[in-house]
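Structure first, then comments.
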Amino acid sequence: MGAAGASLTAPGDPRLRLVAAVVAVAAISLLQTLPVAAAALVVAALVALLNRPDPRLWRRLLHVEGFLLLLFATLPFTVAGPSIATIGPLSVSGTGLWRAGLIALKVSASVLVLLVLLGDLEPERLGAALRALGVPERLCRLFVTTARYATLLREEARRLGEAMRARGFHPRSNRHTWNSYGNLLGMILVRALERASRVEEAMLCRGYAGHYPYSSLASPRQRDWVAFALVSGAAFLALVIDRL
């Protein structure tokens with residue numbers, strides 16, 4: 001999702017986008033009714049479509065949905081409440097099913113909001129926005145470093161995986177496969193430490209003194225404030241309707 005697309009419905013200023021994301025996710029997390037939570041998910045999905053998102057956005061959301069399926073596999077059978085069906089010796093609780101659905105809707109909507117508002121922001125700009133909002137330097141530095149190294153570790157894992165496949169490795173459910181994955185994890189950690197040492201030396205050679213030279217941020221434009229007001233107003237409206 002490019003920056004141009006994100007500017008259609010989100011503030012262009014990273015500080016306002018970050019605050020808008022916090023406000024929207026906080027409002028979604030407080031919803032207590034299924035219809036309003038479902039409406040929040042639909043609105044978030046429509047906004048994502050209007051921004052012409054990168055196909056990877058939907059793949060990320062699909063990964064989240066895979067974890068949410070565990071809610072429907074556990075909560076309906078473990079939460080006390082009136083039974084609406086039976087599956088063998090297990091009783092399906094209506095309260096548990098309602099709770100699983102509500103959590104799934106709120107999590108999906110929150111993830112979409114975060115991907116739309118923050119998904120295309122580079123770690124450096126997001127770190128600069130955090131610092132401008134008064135977040136301590138150590139936390140900003142930790143965030144930016146983690147974001148950078150997550151990408152490096154992913155690329156390192158991809159290269160090692162390709163090397164294993166080039167040597168004829170085919171994953172199976174046997175001891176050799178698990179040993180190979182253990183060796184892969186160990187090599188990733190070793191190479192990560194080596195890369196961290198090289199990066200630290202390079203940073204020190206360039207005059208690193210314990211803080212990143214964050215780029216200065218321009219003042220928010222009028223349309224940034226308008227977009228921020230729309231996002232915050234929609235979040236507040238959802239809460240009001242939810243409480244009616």
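For the range 38-78, the residues whose backbone nitrogen is under 17 Å from a point 7 Å from the Cα of Ile87, taken along Cα to Cβ, are 66-78. Put the Cα centre of the range 142-204 next to the Cα centre of the range 81-121 and the gap is 34 Å. Taking every C-alpha pair closer than 8 Å and separated by at least 6 residues, the mean separation divided by the residue count of the chain gives a relative contact order of 35 percent. Please identify which residues in the range 24-53 have an amide N closer than 18 Å to a label point set 7 Å out from the Cα of Leu133, following the Cα→Cβ vector. Only 24-30 fall inside the zone, counting backbone N under 18 Å.
Heavy-atom accessible area, probed at 1.4 angstrom with all protein chains present, ranks Tyr149, Tyr208, Tyr181 as Tyr181, Tyr208, Tyr149, highest first.
When Val111, Val22 are compared by accessible area at a 1.4 angstrom probe, the order from most to least is Val22, Val111. Within the chain, what's the longest stretch lacking trypsin sites (Lys or Arg not before Pro) that sit in DSSP loops with no more than 16 other Cβ atoms inside 10 Å? Here the longest segment lacking exposed loop sites spans 1-166. Screening the chain for whole DSSP H helices of 20 Å or more along their axis (Cα) with average Kyte-Doolittle hydropathy at least 1.0 returns 14-29, 34-50, 94-118.
When Rg and the Kirkwood radius Rh are both evaluated on Cα atoms of the range 61-204, their ratio Rg/Rh stands at 1.12.
Projecting the Cα atoms of Leu50, Leu16, Ser232 onto the charge dipole of the chain (Cβ charges, centred on the Cα centre) puts Leu50 farthest toward the positive pole. Report the FRET efficiency, 1/(1 + (r/R0)^6), for Gln222 and Ala26, where r is their Cβ-Cβ distance and R0 is 30 Å, rounded to 0.05. Between Gln222 and Ala26 the formula returns 0.75.
Working note: 222 nm ellipticity from helices only, DSSP H runs with n ≥ 4, each -39,500 (n - 2.57), summed and divided by the residues of the chain, gives -25000 deg cm²/dmol to the nearest 500. Projecting the alpha carbon convex hull of the chain along each direction and taking the average yields 18.8 nm². Approximating the spin labels as points 7 Å out from Cα along Cα→Cβ, the His176-to-Arg56 distance works out to 3.4 nm.
Surface composition of the range 137-244: carbon and sulfur atoms hold 63% of the protein heavy-atom accessible area at a 1.4 Å probe.
The values are calculated or read from the model by the stated rules, or taken from the named source; none is laboratory data. Predicted model only: the values in this text are computed from it and were never measured. Every residue, glycine as well, gets a Cβ built from its backbone with ideal geometry; the counts of neighbours run over all protein chains shown. Quick note on the areas: whole protein, heavy atoms, side chains included, nothing else; ligands and nucleic acids left out. Shrake-Rupley method; radii C 1.70, N 1.55, O 1.52, S 1.80 Å.
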